[in-house]
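A.B. asks: A single structure is presented below for examination.
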Amino acid sequence: MRKALTGILSLAVLMGTVGATGAATAAEPEAGVRSAVADRADSTDIKDRILAIPGMSLIEEKPYAGYRFFVLNYTQPVDHRRPSAGTFQQRITVLHKDTARPTVFHTSGYGLSTNPSRREPTRIVDGNQVSMEYRFFTPSRPQPADWRKLDIWQAASDQHRIFTALKAVYSENWLSTGGSKGGMTATYYERFYPRDMDGVVAYVAPNDVVNKEDSAYDRFLATVGTKECRDRLNALQREALIRREPLQKKYKAWAEENGATFNTVGTLDKAYEAVVLDFVWGFRQYYGEADCGNIPEAATATDDQVYETIDAYSGWAFYSDQELTPYTPYYYQAATELGSPDIRQPHLDGLSRYGYQPARNFVPREIPTTFKPWVMRDVDDWVRKNANRMLFVYGGDDPWGAEPFRLGKKARDSYVMTAPGANHGASVAALTDADREKATARILAWAGVEAPAAASAAPLARFDAKLDVADPEVTRSQARRP
């Protein structure tokens, strides 16, 4: 039976083709194949069904009440335009509930957690969840690493192949989701493979259409919250540059004690300033107006207080080689396709030596980068004209939302919603009552499930404190990454 099923699933996967442009088309099994797979499903363990997919291998299974959770490797082409040019192993996880339930396809756009967790749309639809590690994040990195093969189309094609392979097992509706860079990733996937998913829920996804024009971020930082809080944050940040010499002594001592080096960014001084210039953005990204009282008054703060406050909201370690290295794939993409913010911070005039440094400064020099300005323009234009069953959720106090995705007149059943007062952790649950009910109802409809009769639409699964954890990449306290 196992051997026969392998043959059927192999056929389903191989029915996907690669056209002249390199864009694969989703495999759609014929009725007889679907029936044969369904007939065998009742008597075949879900792990065996997944592992019968060509190129799929098990790393480990972890138990969790009410689910099966698998950590897997899936063989992917390094170059989807030339599948014969080599492969690599890409990690994915499957949180299995029931093949009769819808499936949510999640990616953070970064690495992969190998512990069971559930994203908000998965809880809303009470479904399965497939999570993908983004290509080039360790260990899902081709060897040797040809960085030219790290772009949004190749990554979208990774998702397409995973979906095509697993659709034979999970045949109900699929939604894609992600937060921050994961929300961007879900959007790019939809742009290149709009027939795969039945809906998209993208959280706090920046949309830097014109990389050289970032005045929206300046306007946001000049108006968000109260003037009192803005002044307090700006004064503390300014003080850290005024006291550069004594605070850098602390920074240098820390670096020597911990073996931190700064070869990528160039010097300890450049790293120091990069951390300081992230301070206000980092506060706004992960904290709120109520936390302003924790910021000491700049004029009376001790050196230790200034140093420790910058560390708490920006992180002195972050621009060391040791901390930058795991995120080289992100900075490479920011320097080649995604773009990155460039904020002015006029209150630091005369004190800043380097300004808000570009993403290229955080990529090792031996890795060449060339920025492609047309890539984000293409995605933005496509979303405005073609969005269908897409929901974008933003936080009203999140600086990354200053340049959001927008919908044009041709968009269908698509929405941009903002949670008032929310930061980079904005969610459907944080929306206004009317928006939350509408968003939940649309997510359920896209997933092909119905909410029980009630006054308002609500998640179908109960909250689980261990399973429903925040996406670690969205809640990581560092300002320069979405």
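The values are calculated or read from the model by the stated rules, or taken from the named source; none is laboratory data. Fair warning: this is a prediction, and the values are worked out from it, not measured in the lab. Quick reminder, even Gly has a Cβ in these numbers, built from the backbone with ideal geometry, and neighbours come from all protein chains shown. Keep in mind that these areas ignore ligands, DNA and RNA; they rest on the heavy atoms of the full protein, side chains included. Shrake-Rupley method; radii C 1.70, N 1.55, O 1.52, S 1.80 Å.
A.B. asks: Going by the conditions given, is ASP231 out of contact with any helix residue (DSSP H, G or I) (no Cβ under 7 Å at 6 or more places or on another chain) and open to solvent by less than 50 Å² (accessible area, probe 1.4 Å)?
C.D. replies: Taking the combined requirement at face value, the residue does not satisfy it.
A.B. asks: Collect the residues in segment 383-419 that are closer than 19 Å to ALA222 by Cβ and surrounded by fewer than 16 Cβ atoms within 10 Å (Cβ to Cβ), keeping them in residue-number order.
C.D. replies: Of the residues in segment 383-419, the ones closer than 19 Å to ALA222 by Cβ are 394-404, 418.
GLY396 - this is the single residue of segment 383-419 that is closer than 19 Å to ALA222 by Cβ and surrounded by fewer than 16 Cβ atoms within 10 Å (Cβ to Cβ).
A.B. asks: Determine which single condition GLU473 fails, assuming it passes every other condition in (1) over 24 Å from TYR286 (Cα atoms); (2) at pLDDT below 95; (3) among the charged types (D, E, K, R).
C.D. replies: (1)
A.B. asks: Please work out which residue is modelled with the lowest pLDDT, limiting yourself to segment 415-455 and to residues that are closer than 25 Å to THR99 by Cβ and either of a type in the set (D, E, K, R) or assigned to a strand (DSSP E or B) (or both).
C.D. replies: Only one residue fits best here, namely GLU450.
A.B. asks: LEU175 is checked against (1) part of a helix (DSSP H, G or I); (2) farther than 17 Å from TRP382 by Cβ; (3) not charged (D, E, K, R) and fails just one. What number does that condition carry?
C.D. replies: (1)
A.B. asks: Take segment 399-416 and flag every residue that is over 18 Å from the mean Cα position of the chain (by Cα) and within 20 Å of SER180 (Cα to Cα).
C.D. replies: ARG406, LEU407, SER414, TYR415
A.B. asks: Further question: Among (1) within 24 Å of THR93 (Cα to Cα); (2) surrounded by 18 or more Cβ atoms within 10 Å (Cβ to Cβ), there is one condition TYR217 misses while meeting the rest; what is its number?
C.D. replies: Exception for TYR217: condition (1).
A.B. asks: Exactly one of (1) more than 23 Å from ARG480 (Cβ to Cβ); (2) crowded, with 23+ Cβ neighbours inside 10 Å; (3) among the basic types (Lys, Arg); (4) touching a Lys or Arg at 6+ places or on another chain (Cβ under 9 Å) is unmet by ARG123. Its number?
C.D. replies: (2)
A.B. asks: Going by the conditions given, is ASP151 closer than 11 Å to ASP79 by Cα, open to solvent by 10 Å² or more (accessible area, probe 1.4 Å) and touching a residue at least 12 places away in the same chain (Cβ under 8 Å)?
C.D. replies: It is true that ASP151 is closer than 11 Å to ASP79 by Cα, open to solvent by 10 Å² or more (accessible area, probe 1.4 Å) and touching a residue at least 12 places away in the same chain (Cβ under 8 Å).
A.B. asks: Let me ask something else about it. Give the residue, chosen from ARG161, ARG191, that is touching a Phe, Trp or Tyr at 6+ places or on another chain (Cβ under 7 Å) and open to solvent by 10 Å² or more (accessible area, probe 1.4 Å).
C.D. replies: Result of the check over ARG161, ARG191: ARG191.
A.B. asks: List pairs: first residue in segment 315-329 and among the acidic types (Asp, Glu), second residue open to solvent by 10 Å² or more (accessible area, probe 1.4 Å) anywhere in the structure, Cβ distance under 6 angstrom, at least six positions apart or on different chains.
C.D. replies: From segment 315-329, the pairs are ASP321/THR261; ASP321/ASN263; ASP321/THR264; GLU323/ALA317.
A.B. asks: Kindly indicate whether ASP269 is open to solvent by 30 Å² or more (accessible area, probe 1.4 Å), in contact with a Phe, Trp or Tyr (Cβ under 9 Å, 6 or more places away or on another chain) and in a helix (DSSP H, G or I).
C.D. replies: The answer is no for ASP269.
A.B. asks: Right, next: Can you tell me which residue within segment 201-228, out of those that are without any contact (Cβ under 8 Å) to a residue 12 or more places away in the chain and not charged (D, E, K, R), is nearest to ARG389 (Cα to Cα)?
C.D. replies: Out of the qualifying residues, it is SER215.
A.B. asks: Looking at (1) among the polar types (S, T, N, Q); (2) out of contact with any Pro (no Cβ under 7 Å at 6 or more places or on another chain); (3) touching a residue at least 40 places away in the same chain (Cβ under 8 Å), which is the one condition that is false for SER113?
C.D. replies: (2)
A.B. asks: Being closer than 20 Å to ASP151 by Cα, open to solvent by less than 40 Å² (accessible area, probe 1.4 Å) and assigned to a loop (DSSP other than H, G, I, E, B) is the filter here, so list the residues in segment 194-208 that pass it.
C.D. replies: As a first pass, look at segment 194-208 and keep what is closer than 20 Å to ASP151 by Cα: 194, 196, 202, 205-208.
Filter again for open to solvent by less than 40 Å² (accessible area, probe 1.4 Å), leaving 196, 202, 205-208.
Correct list: ASP196, ALA205, PRO206, ASN207, ASP208.
A.B. asks: Which pairs have Cβ atoms under 7 Å, sit 6 or more apart or on different chains, and link a residue in segment 77-104 that is over 20 Å from LYS466 (Cβ atoms) to one that is buried (at least 16 other Cβ atoms within 10 Å of the Cβ) and aromatic (Phe, Trp, Tyr)?
C.D. replies: Qualifying pairs under 7 Å: VAL78/PHE88; GLN90/TYR74; ILE92/TYR74; THR99/TYR170; PRO102/TRP174; THR103/TYR170; THR103/TRP174.
A.B. asks: So, one more: Could you check segment 229-259 and list, in sequence order, the residues that are hydrophobic (A, V, I, L, M, F, W, C) and either touching a residue at least 24 places away in the same chain (Cβ under 8 Å) or within 15 Å of PRO296 (Cα to Cα) (or both)? Break it down stepwise before answering.
C.D. replies: Of the residues in segment 229-259, the ones hydrophobic (A, V, I, L, M, F, W, C) are 229, 233, 235-236, 240-242, 247, 253-255.
Within segment 229-259, CYS229, LEU233, ALA235, LEU236, ALA240, LEU241, ILE242, LEU247, TRP254, ALA255 qualify.
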